[in-house]
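Enquirer: Please read through the structure below; I'll follow up with questions.
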Amino acid sequence: MKKYTTFILIGIIILLAAVLIGVLIYLKNQPPQTRGFEPLVEIAAFEPDSSKWGLNFPNQYATLLKTEANATPTTYGGSEKFSHLVKDPRQVILFMGYPFSKDYNEERGHGNALADVNATRRVTETTHATCYSCKSSNNPALWNELGLEGYDAMLFSEIAPRLTETIGCANCHEAGTMRLIVTNPSLENALKAQGLDWRTYTRQEMRALVCANCHVEYYMVGDKKILTFPWANGTRIEQIIDYYDEIGFSDWKYPGAGTPMLKAQHPEYEMFTAGSTHYAAGVSCADCHMPYVRDGAMKYSSHNIHSPLLDPEPACGQCHTDVDYVLGRVATIQAEVYAAKLATEDALVDAIAAIQTAAAVADVDPILLDAALTLHRHAQFRWDFVSAENSMGFHNPEYALSILAEATNLARQAQMKAVQAAHAPSLLDTGSYYTLPSVPTPVP
Amino acid sequence: MSAKWPLIVGVAALLLALGVFAWVTDAPAYLGHEPQTCNNCHVMDSQYENWYHAAHERFTDCTDCHLPHQNILAYYLYKGYSGMKDVVSFTMKTYPVAIRANEQTDKIVQANCIRCHSDTVESILIGAQPFERYCWDCHRSVAHGARGFSLYPSQHKENGK
């Protein structure tokens, strides 16, 4: 009898434990509860129309709309559409033979991205759809439907009717969860090439990485013009130049000498993440460009993305107690970078003048001339990496100045190589920009 | 079969059930200091978001300010007490709509302000004036930003957490 009691007791214990564990596992497998807010409307995946998302997030949407009207300039940039070529005509010489020498305007806010790409004179009949990659919230849906290759292989004019929305919610957010995601397949590929996966990034890292959907250096591969980031070796300037040299890529040939030139786009992400002091401190792009603001009782990240200098109190003041001091530092840093940038431009113009003359000399040494062309290519890409980057060096001041120093060094070396190639010491003249008869001023 | 067996099986079953309980509830996380753990409970959404976007986020976790730090015993005793209080009030739904720090919390937070900022406030502490205010009576917005309600922006948690 006692034997049975023992068995029954053990049976009851096992049964109770099994039931308890079963209940716990059942609880574990319950769907997670809805957090934060109850959405008013369900947003479909890849929904391009930001006004629909705006029903759930009126504050964020209302501030996003402000990016269209916000046209305030800053000392070096801002959101006003001015011509860089008129402001600094050296760039007409530097981009000679390339569409940027005809039309190079300061970019405006996200709300104008689609209108401005449709208006630029850099687009021609042969331009590919690739140039829309960063201009519309229709893109995530189109990439999903056509794939990156299918999208980029189309012509600009072919895909134009399908692009109805400017940059919006779907470019950075996943519908439903609202989490930040990489939407540009080229960024996904570029990370993969480095063995990285954005799905392992923290929220704070994503608050910078989503900007890299667009604010990066890129080029287009092959006849299909596949949008590609040159990141396989890494995102530092030398690694990007090595990458382009390895594949022998050039954006255009400089007229006269035929220098294989590179055009830098807008490498904000590469500049900022190259060990800048703010990046090292854990600051993300959104912390300064989308500060946390209050409207009535509600607080939210402003989606009126613009220069923090236009509203420094919430942008800088969250961490820096003395905002005026901070603004003074920014002004100093940017003035120094701007001066260094102009010095580099003068060196580049001198190098170009020497190379052009040397290339026309009958008994020029081809090996030395070739060395001069390579130096010009490397120097100008370095300069452009700072010049085309939208912060006048502030995103990473030390890095920007070191890049410009090397660019100036290489540009002067290019000039000296041209002198050696042409056996003509008179080409060592400096300040050629100031003695040019007149630089053609482009139409703004 | 001896009478010891029900005891052995009972203890083993209990340990197993406890293990599963710890796994299901992510209990070990509560021994740590990750702010995401405090925010497991959605009533902390607004506090979490406000802290996340304010300057102290770079330097402090919730526990740096909200738990006593004079010694490890006080730290874990209060952590246990405070955690159980939250479990009960959340389960019984007795927590207030507007959650405010109570007097006990005020004292703990104040001690922690001084713990880190002692160099800055030394002259106040040893000064002639009575020291009878809390730091945040004036420095309202340092820890959780300006007053206001923050929506948890999405239905996901920290990536990889």
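Enquirer: Just name the residue that is nearest to A:Glu246 (Cα to Cα) out of those in region A:395-418 that are among the charged types (D, E, K, R) and surrounded by fewer than 22 Cβ atoms within 10 Å (Cβ to Cβ).
Expert: Taking region A:395-418 and keeping what is among the charged types (D, E, K, R), we get A:398, A:406, A:412, A:417.
From what's left, surrounded by fewer than 22 Cβ atoms within 10 Å (Cβ to Cβ): A:398, A:406, A:412.
Details: A:Glu398: 27, A:Glu406: 20, A:Arg412: 24 Å.
Ranking the candidates gives A:Glu406 first.
Enquirer: Let me ask something else about it. How do the helices (runs of 4 or more DSSP H) wholly within region B:19-129 filter down when requiring 3 or more residues that are of a type in the set (Gly, Ala, Ser): which remain?
Expert: So the answer is B:72-91, B:103-125.
Enquirer: While we're looking at this one, here's another question. What residue, of A:Ile240, A:Ile226, A:Ile247, is under 28 Å from A:Ala379 (Cα atoms) and crowded, with 22+ Cβ neighbours inside 10 Å?
Expert: It is A:Ile240.
Enquirer: Under the condition of being surrounded by 13 or more Cβ atoms within 10 Å (Cβ to Cβ) and aliphatic (A, V, I, L, M), which residue from region B:23-39 is nearest to the other protein chains (Cβ to nearest Cβ)?
Expert: At the first step, the residues of region B:23-39 found to be surrounded by 13 or more Cβ atoms within 10 Å (Cβ to Cβ) are B:23-25, B:29-30, B:33-39.
Then keep just the ones that are aliphatic (A, V, I, L, M); that gives B:24, B:29.
Numbers: B:Val24: 4, B:Ala29: 14 Å.
Across region B:23-39, the extreme among qualifying residues is B:Val24.
Enquirer: Of a type outside the set (S, T, N, Q), within 30 Å of A:His306 (Cβ to Cβ), more than 14 Å from chain B (Cβ to nearest Cβ) and out of contact with any His (no Cβ under 7 Å at 6 or more places or on another chain), is that true of A:Pro255?
Expert: no
Quick grid of which residues meet (1) farther than 30 Å from A:Ser307 by Cα; (2) at pLDDT 90 or above; (3) small (Gly, Ala, Ser):
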{"position": "A:Thr6", "(1), (2), (3)": "yes, no, no"}
{"position": "A:Gly11", "(1), (2), (3)": "yes, no, yes"}
{"position": "A:Ser50", "(1), (2), (3)": "no, yes, yes"}
{"position": "A:Trp53", "(1), (2), (3)": "no, yes, no"}
{"position": "A:Asn56", "(1), (2), (3)": "no, yes, no"}
{"position": "A:Asn59", "(1), (2), (3)": "no, yes, no"}
{"position": "A:Glu68", "(1), (2), (3)": "no, yes, no"}
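Enquirer: State all residues of region A:66-78 that are surrounded by fewer than 16 Cβ atoms within 10 Å (Cβ to Cβ) and among the polar types (S, T, N, Q); if no residue qualifies, say none.
Expert: Within region A:66-78, A:Thr72, A:Thr75 meet the criteria.
Enquirer: Quick check on A:Glu336: is it of a type in the set (Asp, Glu), modelled with pLDDT under 95 and surrounded by fewer than 20 Cβ atoms within 10 Å (Cβ to Cβ)?
Expert: Numbers: of a type in the set (Asp, Glu): yes; modelled with pLDDT under 95: no; surrounded by fewer than 20 Cβ atoms within 10 Å (Cβ to Cβ): yes.
The answer is no for A:Glu336.
Enquirer: Restricting the search to region A:386-406, which residues are under 20 Å from the mean Cα position of the chain (by Cα) and within 20 Å of A:Asp350 (Cβ to Cβ)?
Expert: Hits for region A:386-406 are A:Val386, A:Ser387, A:Ile403, A:Leu404.
Enquirer: Would you mind listing the helices (runs of 4 or more DSSP H) fully within region A:159-248 where at least 1 residues are modelled with pLDDT of 95 or more and either among the hydroxyl-bearing types (Ser, Thr, Tyr) or more than 30 Å from A:Leu65 (Cβ to Cβ) (or both)? Walk me through how you get there before you give the answer.
Expert: Working: elements: A:185-193, A:203-209, A:237-247.
Those helices (runs of 4 or more DSSP H) span A:185-193, A:237-247.
Enquirer: Right, next: Would you pick out the residues in region B:1-22 that are closer than 24 Å to B:Tyr81 by Cβ and more than 8 Å from chain A (Cβ to nearest Cβ)?
Expert: B:Leu18, B:Ala22
Let's see how each residue does on (1) surrounded by 12 or more Cβ atoms within 10 Å (Cβ to Cβ); (2) within 11 Å of chain B (Cβ to nearest Cβ); (3) at pLDDT below 85; (4) not in a loop (DSSP other than H, G, I, E, B):
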position: A:Arg35; (1), (2), (3), (4): yes, yes, yes, no
position: A:Glu42; (1), (2), (3), (4): no, no, no, no
position: A:Leu64; (1), (2), (3), (4): yes, no, no, yes
position: A:Glu80; (1), (2), (3), (4): yes, no, yes, no
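Enquirer: I've got another one for you. Can you tell me which residue among A:Lys253, A:Lys225 is on the phi > 0 side of the Ramachandran plot and more than 14 Å from the chain's Cα centre (by Cα)?
Expert: Answer to the selection: A:Lys225.
Enquirer: While we're on this one: Exactly one of (1) buried (at least 18 other Cβ atoms within 10 Å of the Cβ); (2) within 14 Å of chain A (Cβ to nearest Cβ) is unmet by B:Phe59. Its number?
Expert: (1)
Enquirer: Only residues that are modelled with pLDDT of 90 or more, of a type outside the set (A, V, I, L, M, F, W, C), crowded, with 18+ Cβ neighbours inside 10 Å and not in a loop (DSSP other than H, G, I, E, B): list them for region A:82-125, please.
Expert: Once the filter is applied, which keeps residues that are modelled with pLDDT of 90 or more, of a type outside the set (A, V, I, L, M, F, W, C), crowded, with 18+ Cβ neighbours inside 10 Å and not in a loop (DSSP other than H, G, I, E, B), region A:82-125 yields A:Arg90, A:Gln91, A:His110, A:Gly111, A:Asn112.
Enquirer: Exactly one of these conditions fails for A:Met392: (1) buried (at least 16 other Cβ atoms within 10 Å of the Cβ); (2) in contact (Cβ under 8 Å) with a residue 60 or more places away in the chain; (3) assigned to a helix (DSSP H, G or I). Give me its number.
Expert: (3)
Enquirer: Checking A:Asn59 against (1) out of contact with any strand residue (DSSP E or B) (no Cβ under 6 Å at 6 or more places or on another chain); (2) surrounded by 14 or more Cβ atoms within 10 Å (Cβ to Cβ), only one condition comes out false. Which one?
Expert: (1)
Enquirer: I'd like the full set of residues that are in a loop (DSSP other than H, G, I, E, B) and buried (at least 17 other Cβ atoms within 10 Å of the Cβ), limited to region A:252-281. Talk me through it step by step, then tell me what you get.
Expert: To start, the set of residues in region A:252-281 that are in a loop (DSSP other than H, G, I, E, B) comprises A:255-258, A:262-267, A:274-276, A:281.
The answer is A:Ala257, A:Leu262, A:Lys263, A:Ala264, A:Gln265, A:His266, A:Pro267, A:Ala274, A:Ser276.
Enquirer: Being of a type in the set (A, V, I, L, M, F, W, C) and either within 17 Å of the chain's Cα centre (by Cα) or surrounded by fewer than 20 Cβ atoms within 10 Å (Cβ to Cβ) (or both) narrows it down to one of A:Leu180, A:Leu142, A:Leu163, so name that one.
Expert: The unique qualifying residue is A:Leu180.
The values are calculated or read from the model by the stated rules, or taken from the named source; none is laboratory data. Bear in mind that the values here come from a model prediction, so they are computed numbers and not experimental data. Cβ: placed from backbone, ideal geometry, glycine included. Neighbour counts: every protein chain shown.
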